[in-house]
1. How many Å² of accessible area per residue for the chain, probe 1.4 Å?
2. Under 16 Å between alpha carbons, and skipping anything fewer than 8 positions from Lys402 in its own chain: which aspartates and glutamates qualify?
3. Which ³J(HN,Hα) values, rounded to whole Hz and listed in residue order, are derived for segment 397-404 from phi using the Karplus coefficients 6.51, -1.76 and 1.60 in 6.51 cos²θ - 1.76 cosθ + 1.60 with θ = phi - 60°, glycine and proline given as x?
4. Give me the extension gain from Arg375 to Asp318: residue separation times 0.36 nm, minus the current Cα-Cα distance, reported in nm with one decimal.
5. Give me the net charge for the shell around Asn316: Cβ to Cβ below 15 angstrom, other residues only, Lys and Arg +1, Asp and Glu -1.
6. Reachable lysines from Lys94, Cα under 16 Å, same-chain residues fewer than 8 places away excluded?
7. What are the residues whose amide H is under 5 Å from the amide H of Val174, where those residues sit 5 or more places off or on another chain and H is modelled from the backbone?
8. For each pair in Lys95/Lys139; Lys29/Lys95; Lys53/Lys376; Lys49/Lys170; Lys259/Lys412, compute the distance between the two Cα atoms and list the pairs where it is over 26 Å.
Amino acid sequence: VPERPTLGNTDYAFEMAISNIRYGEGVTKEIGMDLQNLGARKVCVMTDKNLSKLPPVNAVLNSLAKYGINFQMYDNVRVEPTDQSFLDAIQFAKKGEFDAYVAVGGGSVMDTCKAANLYAASPSSEFLDYVNAPIGKGKPVTVPLKPLIAVPTTSGTGSETTGVAIFDFKELKVKTGIASRAIKPTLGIIDPLHTLSMPERIVANSGFDVLCHALESYTALPYTKRSPCPSNPIERPAYQGSNPVSDVWALHALRVVAKYLKRAIRDPEDREARANMHLASAFAGIGFGNAGVHLCHGMSYPISGLVKTYKPKDYNVDHSLVPHGLSVVLTSPAVFAFTAQIHPERHLEAAEILGADIRTARIKDAGLILADTLRKFLFDLNVDDGLAAIGYSKADIPALVKGTLPQERVTKLSPRAQTEEDLSALFEASMKLY
């Protein structure tokens, strides 16, 4: 595979893998019936401490009670999970011997539940067996997993559609994850009523994740330029590079973000805007879950992992954290100014969707135009003024670069290759935005 020679052993095919998705106001009430239809006898419900007291979890538990579903609840998921918090959830899953899982929450909850399902189904595996190389062994998943129903309560990660689970690897102070089509949820229940309980900054930060998912997957290295070409289809990575199907979803998600994100942040009662952002999260998830993301995400992992004392507004947590969407978007002006010399027309198209007037624009200015458009977008939404505002200084740049280097799974999908010096310059340019 393939029989015709490919230039430098690059891939020649891509595939689309997404979860089944069901959308509609109040659709959570069907989840008890879904579990009945699956013949589930013992269900694990995963969430976090804050959500366990909120309407989305209530709606799920009411449906399980109504249809007589026997379940155990794990509400100890950590917001921005670590290897240790994954291991705690895995331990719970192994002990419980569940035959189905329900994850109710944001990306942290859905990702934790995917990992718990995977390692409970593969009890003899070491934790690092499935973790992405070069940090883990990146082995393909060949064991059958139990059904997992994901109920997203934020509009950001798109984790209900993807086979990716991200965590902080404490020992190295970097984020990494597990990426395999085998761990994607069986069904994503997208119920826009759940977004009504989201505070303003959570709407903003999760929306920035959607924005970067769309921009990065649309500008990623094309799938025909990604190497090596797998010798067996099971080795084809979940993140394959930009491709014609992912492009459709990424562009559509970007248009929805441009139209609705500001409205969803500014008015918690704007049900139309919040419902559309909830869908945009899934649209972008379908795009990036198959194309992949690149530098904004690769650089965001050490930004989150090396956090010192920053505690964001509207997040009820007992530890410092940089919300994922914020850690991703703060480098976006610098990143897209850097990548635009490859496929400048795509960068210009994205800038136009986000409101730039490109009628007299020169193609060589595409990166600067997109960077300025993003800066204006972030300024309008009161986003912290760069990495310096969340506690970093120039002295931290070597550590941030060092934390980015192992993220090859995503950095290699950047359309433009980068050196350590390039990464240093990008972090430096992101210290201050305005």
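1. Accessible surface, normalised per residue, equals 40 Å².
2. By straight Cα distance, Lys402 reaches Asp168, Glu171, Glu420, Glu421, Asp422, Glu428.
3. 4, x, 5, 5, 5, 4, x, 7
4. Between Arg375 and Asp318, full extension yields 17.5 nm more.
5. 0
6. Lys42, Lys114, Lys146
7. Phe169
8. Lys29/Lys95; Lys53/Lys376; Lys259/Lys412
The values are calculated or read from the model by the stated rules, or taken from the named source; none is laboratory data. As the structure is a computational prediction, the values presented were derived from the model and not from experiment. Cβ coordinates were reconstructed from backbone atoms using ideal geometry, including for glycine residues, and neighbour counts include every protein chain displayed. Surface accessibility is based on the protein's heavy atoms, side chains included, excluding ligands, DNA and RNA. Shrake-Rupley method; radii C 1.70, N 1.55, O 1.52, S 1.80 Å.
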